[in-house]
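Participant: My questions all concern the structure below.
The values are calculated or read from the model by the stated rules, or taken from the named source; none is laboratory data. Remember, it's a predicted structure, so these values are computed and weren't measured experimentally. Note that we place each Cβ from the backbone using ideal geometry, even for glycine, and neighbour counts take in every protein chain shown.
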Amino acid sequence: MRVLISGASVAGPVLAYWLTRHGFTVTVVERAPALRKAGGHAVDLFRPAMDIVEKMGLIEPVQAAATGTEWLAFRSENGERSYELGMARLTRAISDRHVEIMRDDLAEILHRATRDDAEYLFDDSITALAEDPDGVDVTFERGPARRFDLVIGADGLHSTVRRLVFGPEERFSTWIGGYLAVMSIPNYLGLRDRMEGITGVNRMAAVYGAARLDEARAVFLFRPETELDYHHRDVDRQKELLRRHFAGMGWQVPRLLGEELERASAFYFDSITQLRMDTWSRGRVSLVGDAGYCPGPAVGGGTSLAVVGAYVLAGELAEARGDHTRAFTAYEQQIGDYVRRSRTFAVATAKRLIPGSRLELWALIQGARLINNAPASLARALTGLNGKGMRLHDEVTLKAYPHETHRAAAPGADQRRGITDRPQAVD
Ligand SMILES: Cc1cc2nc3c(=O)[nH]c(=O)nc-3n(C[C@H](O)[C@H](O)[C@H](O)COP(=O)(O)OP(=O)(O)OC[C@H]3O[C@@H](n4cnc5c(N)ncnc54)[C@H](O)[C@@H]3O)c2cc1C
């Protein structure tokens, strides 16, 4: 059975790994001309994603590529308070098993683990999908048209597959009250194992380095009163908005938004948007990761959700012996609760990370102190984190799927590759 996956970041390669393992023939199309090597931003793998990474035999390279961030040091904008928080204590409040890794490092590890078994097409994108009862005809921007049995969109928050099948993004995206900007800058603060920053009412700025990264990242989170008006390609306007919302903030902010912003090697600006779809499958097409259920960039643990979603989708397709109707329904049922809880978590986190008043700012700092100084269980209880579903990742139970399955029944039997063809075993 031939499956086309759009997107080669996190969800796409994890799905490719498990599908090929279950005997499907997989093609991955990625819009970027090559694998990104710039680092991207730091992402989190919490317990269920770590367990899946382990099943894939990738725990060692993933741990070796960890960012190594150990400390978060913040000051309040009015200079009255500062706090330093052990990263391990913070993440233990959320999950017992965790690695922070740069997204591009993770994508590279996943690509390496799948490139021999899946076909990768870089520098291309799907432009049209025409489904009939037996398959999907796919048109590409550059390559020749091809036919597949299933198409899966793993192409992120601004997914093309979702737009082609379900309609415009605005129909499903909800602004959850903030904006996020990230830029790559020289590591002039010499940060290796620390994130340092400043937090005020409705805005916070921080800089972090990472063990394997020459540059540093500057991150800005802010909440204006109303949604901003800008075009997603108008970088000058985005920079102007950023400068306006951080005007008058001290610490490193004048330098970051002055000379560093002018010469930043990479700049990202987006609203903190959550996708809310009741169903993310239609006909022979489904969505995985941010494309289907982005809880909000930087606030909702989207990377772990993407890994779990990809693992479950592949497993359900294998268990249903390629019957996509059964598999897609089971996939959505399996991860529905995790998706909904991630949404709730993301809204609460966005609110907590960008305090809306001096009182919330004070609560953020007190919460950080508690996590740092109290025993982990007490800290969780005191800060009310348990009540807010903070342990949502660790509460996910992964279903075990058979590794060795049938050859999925579909046209093109000569192109199929069974699990028995694969040389390596991961367990
Ligand atoms: C600034 C920022 C900070 C973040 N911080 C965190 C964090 O701290 N912790 C955390 O867990 N998560 C974080 N996230 C979220 C995390 O990056 C995502 O949840 C995760 O990467 C989702 O993986 P994905 O594979 O579903 O999508 P993505 O990683 O977005 O990958 C989508 C892929 O599809 C490709 N693509 C896009 N369009 C097309 C097309 N038309 N055709 C082919 N390919 C296409 C893209 O090039 C990309 O390779 C952050 C996100 C951002 C933007």
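Participant: Arg243: of a type in the set (D, E, K, R) and buried (at least 20 other Cβ atoms within 10 Å of the Cβ), yes or no?
Facilitator: No; evaluated as a whole, the condition is false for this residue.
Participant: Kindly indicate which of Arg171, Arg163, Arg243 is more than 14 Å from the ligand (Cβ to nearest atom), out of contact with any strand residue (DSSP E or B) (no Cβ under 8 Å at 6 or more places or on another chain), without any contact (Cβ under 8 Å) to a residue 40 or more places away in the chain and within 30 Å of Arg284 (Cβ to Cβ).
Facilitator: That would be Arg171, the only listed residue that is more than 14 Å from the ligand (Cβ to nearest atom), out of contact with any strand residue (DSSP E or B) (no Cβ under 8 Å at 6 or more places or on another chain), without any contact (Cβ under 8 Å) to a residue 40 or more places away in the chain and within 30 Å of Arg284 (Cβ to Cβ).
Participant: Quick check, is Gln274 closer than 21 Å to Met56 by Cα, in contact with a helix residue (DSSP H, G or I) (Cβ under 7 Å, 6 or more places away or on another chain) and at pLDDT 85 or above? Before the answer, list the steps.
Facilitator: Values: closer than 21 Å to Met56 by Cα: no; in contact with a helix residue (DSSP H, G or I) (Cβ under 7 Å, 6 or more places away or on another chain): yes; at pLDDT 85 or above: yes.
Considered against the rule, which asks whether it is closer than 21 Å to Met56 by Cα, in contact with a helix residue (DSSP H, G or I) (Cβ under 7 Å, 6 or more places away or on another chain) and at pLDDT 85 or above, Gln274 comes out as no.
Participant: Can you pull out the residues in segment 124-144 that are away from the ligand (no atom under 15 Å from the Cβ) and out of contact with any Leu (no Cβ under 8 Å at 6 or more places or on another chain)?
Facilitator: If the condition is that a residue be away from the ligand (no atom under 15 Å from the Cβ) and out of contact with any Leu (no Cβ under 8 Å at 6 or more places or on another chain), then Ala130, Glu131, Asp132, Pro133, Asp134, Gly135, Pro144 are the ones that fit.
Participant: Could I ask something else about it? Please list, ordered by first then second residue, the pairs with beta carbon atoms under 8 Å, 6 or more apart or interchain, first in segment 1-23 and farther than 16 Å from His324 by Cβ, second more than 15 Å from the ligand (Cβ to nearest atom) and basic (Lys, Arg).
Facilitator: Thr20/Arg417; Thr20/Arg422; Arg21/Arg422
Participant: Of all the residues that make up segment 8-62, how many are over 30 Å from Ala128 (Cβ atoms) and near the ligand (Cβ under 10 Å from one of its atoms)?
Facilitator: Adding up the residues that qualify gives 7.
Participant: Applying the selection to segment 215-228, what residues are touching a Leu at 6+ places or on another chain (Cβ under 9 Å) and more than 16 Å from the ligand (Cβ to nearest atom)?
Facilitator: Pro224, Leu228
Participant: In the list Ala42, Ala49, Ala88, which residue meets the criterion of being within 15 Å of the chain's Cα centre (by Cα) and at pLDDT below 95?
Facilitator: Ala42
Participant: Further question: Out of the residues in segment 186-195 that are at pLDDT below 95 and not in a loop (DSSP other than H, G, I, E, B), which is nearest to the chain's Cα centre (by Cα)?
Facilitator: Residue satisfying both the conditions and the ranking: Met195.
Participant: Does segment 31-41 include one or more residues that are buried (at least 24 other Cβ atoms within 10 Å of the Cβ), under 21 Å from Ala118 (Cα atoms) and in contact (Cβ under 8 Å) with a residue 12 or more places away in the chain?
Facilitator: Initially, segment 31-41 is screened for residues buried (at least 24 other Cβ atoms within 10 Å of the Cβ), giving none.
There is no residue in segment 31-41 that is buried (at least 24 other Cβ atoms within 10 Å of the Cβ), under 21 Å from Ala118 (Cα atoms) and in contact (Cβ under 8 Å) with a residue 12 or more places away in the chain.
Participant: Which condition does Gln333 not pass, out of (1) touching a residue at least 60 places away in the same chain (Cβ under 8 Å); (2) more than 14 Å from the chain's Cα centre (by Cα); (3) part of a helix (DSSP H, G or I), if it passes all the others?
Facilitator: It is condition (1) that Gln333 fails.
Participant: Return only the number of the condition from (1) under 23 Å from Phe269 (Cβ atoms); (2) in a strand (DSSP E or B); (3) modelled with pLDDT of 95 or more that Val136 does not satisfy.
Facilitator: Result: Val136 passes all but (1).
Participant: Quick check on my filter: what residues within segment 220-264 are assigned to a helix (DSSP H, G or I) and among the polar types (S, T, N, Q)?
Facilitator: Across segment 220-264, the qualifying residue is only Gln238.
Participant: Kindly indicate whether Tyr401 is modelled with pLDDT of 80 or more, aromatic (Phe, Trp, Tyr) and part of a loop (DSSP other than H, G, I, E, B).
Facilitator: So Tyr401 fits the description; yes.
Participant: So, in segment 265-319, exactly how many residues are more than 9 Å from the ligand (Cβ to nearest atom), part of a loop (DSSP other than H, G, I, E, B) and touching a residue at least 12 places away in the same chain (Cβ under 8 Å)?
Facilitator: Residues in segment 265-319 being more than 9 Å from the ligand (Cβ to nearest atom), part of a loop (DSSP other than H, G, I, E, B) and touching a residue at least 12 places away in the same chain (Cβ under 8 Å): 7 in total.
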